[in-house]
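Notes follow the structure.
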Amino acid sequence: MVMKSLKKPYEIIFVDDGSSDNTLQVLKKLHPAKIIRFRKNFGQSAALDAGIKNSQGEILITLDGDGQNDPNDIPKLLKKLSERYDVVCGWRYQRKDPLSKKIISKFANYLGSFLVNPGIHDSGCTLRVYKRECFEDLDLYGEMHRLIPALIKWRGFKITEVKVNHKKRKFGKSKYTLTRTVKGFLDMFEVWFWRKYESRPLHIFGAAGLLLSFLSFAFAVFLAIMRLFFGYGLSDKIWPLVAVTSFITGIQLLIFGLLADLIIKNRNRKDFYKIKEVIEKF
């Protein structure tokens, strides 16, 4: 076993993401192991979040359960981590996936480099090594597992990547669907947005509100001048209503920004999944 060969203390955590086959029975035969069982399928991001939060070590290693990641790559990832990095990501430079999945992943990586810029070639490879401090006050949900490198990089941690092996899928079925792809892109946009405005929502909503209010007020002054000095009739025109509505909308955006700022400052963290049981096998 790879972990035994490292000759260091370790724990192995499996997350059963609501499987309907005999996965749990197989896992119960393994030891030492900790098994986290979800009440239903909550997705890869939630599974990673639960595994990380229920771990104890200072160095965290993640990989998929479909057999495509090669555990024999773990030692070289750990070696790279010792070179004063905080995260080392696997780079599946020779992927063993269907063409359709490769195309979707390639497009996702391209879009990710434009929106969130993780600084690596492969944001979808789960085989990674982290220092525990990278996940302090960080919650994973939705399809955010692809965005972990970017999220961590934005927090000031040092990231690099190492070429790793990639095997053909042995177990389970790929969850790559059009719906999941769309959700992933939406999560990517959400992360990009919150990266800029999470701690200062008033900046975007307040700025938009002030700009709209100013333009509508200026337009109203223009209409008044046209009416008073040039005899321009307004009784049968929609423009006064446009000016008033735009001004009110601007004020509403400003108030919305203030409320969003208050909500952000007083929010409480919550988990987006439910754990049915935790089984520890020594």
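The values are calculated or read from the model by the stated rules, or taken from the named source; none is laboratory data. This one's a predicted model, so the numbers in the text were calculated from it and none came from an experiment. With ideal geometry, Cβ positions are generated from the backbone for all residues, glycine too; neighbour counts draw on all protein chains shown. Each accessible area value is taken on the protein alone, full model and side chains, heavy atoms only, with ligands, DNA and RNA left out. Shrake-Rupley method; radii C 1.70, N 1.55, O 1.52, S 1.80 Å.
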Item to check | For the chain, accessible area per residue (1.4 Å probe, heavy atoms of protein chains only), Å² | outcome: 62 Å²
Checklist entry - When you take every Cα atom in the chain, what is the radius of gyration, and what is Dmax, the widest Cα pair distance, in Å? => result 25.4, 90
Checklist entry - If you roll a 1.4 Å probe over segment 42-102 with all protein chains in place, what percent of the accessible area is carbon or sulfur? => result 50 percent
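So how do 6-14, 232-240 stack up, highest first, on mean other-Cβ count within 10 Å? Kindly include the intermediate steps, with their values, before the conclusion.
Values: 6-14: 13.4, 232-240: 10.7.
The peptides rank, most packed first, as 6-14, 232-240.
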Checklist entry - Along the positive direction of the dipole of the chain (beta-carbon charges: Lys, Arg +1; Asp, Glu -1; about the Cα centre), which of Gly257, Leu24, Ala46 reaches farthest? => result Leu24
Item to check | Semi-axis lengths, Å, segment 1-139, gyration tensor of Cα atoms, sqrt of 5 times eigenvalues | outcome: 24, 20, 16
Item to check | Size of segment 86-159 as Cα extents on the principal axes (Å, biggest first) | outcome: 37, 22, 21
Checklist outcome for this item: Of the candidates Val2, Leu60, Ile35, the farthest towards the positive dipole end of segment 1-129 (Lys/Arg Cβ +1, Asp/Glu Cβ -1, centred on the Cα centre) is Val2
Checklist outcome for this item: In debye to the nearest 20, the charge dipole size for the chain, taken about the Cα centre with +1 at each Lys and Arg Cβ and -1 at each Asp and Glu Cβ, equals 1080 debye
Checklist outcome for this item: Sorting Gly90, Phe219, Phe229 by the position of each Cα along the dipole of the chain (Lys, Arg +1; Asp, Glu -1; all at Cβ), the one nearest the positive end of that ordering is Gly90
Next on the checklist: What do you get for the angle between helix 178-197 and the principal long axis of the chain? Use alpha-carbon atoms, 0 to 90 degrees, nearest ten.
Outcome noted: 60 degrees
Next on the checklist: If you restrict to DSSP beta bridges whose two residues both lie in the chain, what percentage is antiparallel, to the nearest 5?
Outcome noted: 60 percent
Checklist entry - In terms of the Cα gyration tensor, with a ≥ b ≥ c the square roots of its eigenvalues, is segment 1-65 rounded because a/c is under 1.5, prolate because a/b exceeds b/c, or oblate? => result oblate
Checklist entry - What are the principal axis extents of the Cα atoms in segment 100-141, in Å, biggest first? => result 34, 21, 20
